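Working notes for the structure below.
Each reported figure results from applying straightforward, stated rules to the coordinates on display, with no laboratory input. All values derive from a computational prediction rather than experimental measurement. Note: ideal-geometry Cβ built from the backbone for every residue, glycine included; neighbour counts use all protein chains shown.
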Amino acid sequence: MCLAIPGKIISIEADEQHAMVDYGQGTSRKVNITLVEASIGDYVLVHAGFAIEVLDKEEAQKTLAIFQEMLSQEENI
Amino acid sequence: MFSLQDKNLANKIIKHLQPNKKPYHFMHVCGTHQDTLMKHGLDDLLESCNIHIGQGPGCPVCVTTPYEIEEMLLLAHKGITVASFGDMIQVPGSTMSLQQMKTEGGHVHTVYGIEDAVALATKQPNQDVVFMSVGFETTAPTTAATLLSEPPENFSVLCCHRQIPPALEALVNMGDMNIDGFIDPGHVSTIIGAQPYEALSEKYHVPQVIAGFEPLDILMATWMLVQQCEHQEAKVENEYHRAVRYEGNKKAQAIIKKVFTTSDVKWRGFPIIPRSGMLLHKKYSDYDARIKYEDLLQPLQDKTFNEPQGCRCGEVLRGLISPQDCALFSHQCTPEHPVGPCMVSTEGSCQIAYRYRSN
């Protein structure tokens with residue numbers, strides 16, 4: 001139920017409340033974007049037809065490095 | 001870009017956890033976390049490190065009460081068009097599921113989200129449509145946003161939304177089991193942020209980590225919980241930085257506050273959990289199916305509806321037993337012929353166990 005799928009906003013509808021979101025592999029769907037501040041090119045988490053959050057690209061790219069750093073900090077204690 | 005697959009790093013985390021001799025019992029409250037744990041064999045891997053992670057009441061369809069299902073069945077029986085998520089439609093009620101009512105001619109629709117239910121109402125203006133809105137804080141803002149967009153008059157909502165933090169407190173308070181820490185649900189947390197969990201850590205000294213849904217997210221969150229336990233800390237940490245901000249989604253929170261009020265509500269398997277329910281605010285009573293159809297629903301008042309005979313979903317939802325401890329599991333109760341909701345829902349512990357551990 002709380003499953004949310006990440007996808008990329010490829011266009012915004014004329015009503016400015018919906019956007020087409022590309023989930024990759026040729027799948028795209030119209031999604032309500034009124035819960036977020038999102039623009040074309042943003043990656044959003046989509047749940048039950050609504051974008052619920054914009055994914056932070058920088059944080060996503062840093063995640064593995066952060067994990068490595070945390071683990072090595074423990075090794076050094 | 002969002003793929004988090006690094007076998008070496010996973011092995012490194014496990015290596016850090018392996019010297020652990022003290023047993024830890026952690027709980028998560030999200031079916032998607034359970035899916036990741038079992039799909040990738042992390043449950044067995046962590047058991048080998050003396051760490052048990054169980055699923056609590058983290059499946060909105062599963063915690064919806066038999067009474068709420070009867071409300072929908074009665075509305076459908078009276079000729080009203082009813083709509084909800086696929087899993088919800090299939091949960092057995094006292095005599096039948098909504099799915100069975102559909103095969104008997106009831107106007108029952110499976111929808112992907114609330115906007116599809118509004119589209120149904122728009123398409124057939126002479127027919128009343130009720131959407132059964134189940135879900136935690138992740139789903140509640142989708143209901144709120146839709147009601148704020150002024151859907152047609154023939155549309156209403158049977159509100160069954162519930163909030164996670166009060167349920168975590170209830171689990172700790174009930175004292176049925178020792179919980180050394182919680183893995184908090186990532187997508188609920190995108191909406192509410194980290195702050196609503198903090199009182200629990202402060203009051204009961206329970207460590208918590210908000211986690212994402214990749215195998216590495218779960219392993220890292222587990223390691224972070226063990227770190228807190230070993231250092232006698234109890235705080236809320238966020239492992240899922242790429243999606244969860246400390247303050248959450250303020251826009252979604254604002255509309256939740258506008259549309260809902262908090263209520264005391266029963267969860268399947270639990271007694272009434274104070275302040276865990278979400279009712280529609282008086283201002284939106286025109287869209288509140290319980291008010292709109294008060295007379296139709298009146299025959300249900302004062303009635304109680306029990307769990308199906310032999311079904312132990314209540315104990316599964318409280319984390320007291322594993323699905324395999326239930327005598328019905330994989331015999332009388334299967335995804336094709338479910339007895340209880342935990343076998344119906346793709347987020348339910350029983351269906352997940354059946355999917356990955358049943359021969």
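Worth a mention:
- Cross-link table A:LYS30/B:LYS39; A:LYS62/B:LYS250; A:LYS57/B:LYS258; B:LYS266/B:LYS303; B:LYS39/B:LYS266, entries beyond 22 Å C-alpha to C-alpha: A:LYS30/B:LYS39; A:LYS62/B:LYS250; A:LYS57/B:LYS258; B:LYS39/B:LYS266
- Under the criterion of Cα pairs below 8 Å and six or more residues apart, the relative contact order for the range B:314-357 equals 29 percent.
- In a DSSP loop and with at most 13 other Cβ atoms within 10 Å, the trypsin sites (Lys or Arg not before Pro) in the range B:266-308 are B:LYS303.
- For a label point 7 Å along the Cα-to-beta-carbon line of B:TYR246, residues of the range B:191-207 with backbone N under 19 Å: B:191-203, B:207
- 11 Å beta-carbon shell around B:ILE164, net charge (K/R +1, D/E -1): -2
- Loop-resident sites, the range B:227-319, for GluC sites (Glu not before Pro), counting at most 13 other Cβ within 10 Å (DSSP): B:GLU233, B:GLU247
- Residues B:PHE85, B:PHE131, sorted so that the one with the fewest Cβ neighbours within 10 Å comes first: B:PHE85, B:PHE131
- For the range B:271-359, chymotrypsin sites (Phe, Trp or Tyr not before Pro) meeting the loop criterion (DSSP other than H, G, I, E, B) and having at most 16 other Cβ atoms within 10 Å: B:PHE305.
- Summed side-chain charge close to B:LEU280 - residues other than B:LEU280 whose Cβ falls under 9 Å, Lys, Arg +1, Asp, Glu -1: +2
- Summarising the amide proton neighbourhood of B:THR139: residues at separation of 5 or more, or on other chains, whose placed amide H is nearer than 5 Å comprise an empty set.
- The region of chain A that goes longest without hitting one of the GluC sites (Glu not before Pro) in a DSSP loop, each with at most 14 other Cβ atoms within 10 Å, is A:38-77.
- The relative contact order of chain B, computed from alpha carbon pairs under 8 Å that lie at least 6 residues apart in sequence, is 21 percent.
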